[in-house]
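To start, the structure under review is shown below, and the notes come after it.
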Amino acid sequence: MKFSNFLKKLSRFGTLSAELSDILISELSEYQFERGDLLVNPREVKKHEIYYIEKGMVRGCDNYRGKRISIWIAGRDSLLTVQNLKGRSIFIEQMHFLLDTTLYVLDLEKVLKHISEYPEMTSLLANILYQSILEGKQREHLLRLYPEDKVHYMEKNDALAINSTNLEAIASYLNLSRRHFIRIRSKIPRRKDF
């Protein structure tokens, strides 16, 4: 089944009946992006959505004084909610595709029309939002670590990102200079099992 990974991911957050699964799939759009593509303002595409990364890697970034600053990085089998896409008025957050990516977009405005028919959808969406908040707290914790600990944390928890993407993007995400990041990373044995 084409969307089986998406449904499997959602089932971690709540019960999915066959009917609810069919509705979610019917409201899903698929997009293909190549490495280096940039979606300047994802919120202009759809206002209320959940993104699912089937394959690839994406970062959310802001332009600050002509430099892209990474806010988040997500890889294969990740859900991104409107919580991840801050939409602040000073900045226009962009999605920068670090690898060739297949992205599914679930339009929540359309899905919510069915909420009275499927009450389990309320707890499913609440659990997804809660997970997004926990990820935000995890990111906040990461930024408070010492530089060496940040790199060790990424190596342990997201080896694919740290070993296969743009060094500038990862350094920016960790709030380190590229040079400092490379120096620290060179001292850590590289994992081969990601």
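Only the coordinates and a few stated rules stand behind these numbers; no lab work does. Because the structure is a prediction, the values reported are computed rather than measured. No Cβ is skipped: glycine too gets one built from the backbone with ideal geometry, and neighbour counts run over all protein chains shown.
Look at the dipole of the chain built from charges on Cβ: of SER78, LEU125, ILE50, the Cα furthest out on the positive end belongs to SER78. Candidate cross-link partners of LYS187 among the aspartates and glutamates, defined by an alpha-carbon separation under 16 Å and a same-chain spacing of 8 or more, comprise GLU148, ASP149, GLU155. Against the chain, whose longest principal axis comes from its Cα atoms, helix 120-144 is set at around 10 degrees. The P(r) of the chain has a tail past 26 Å containing 35 percent of all C-alpha pairs.
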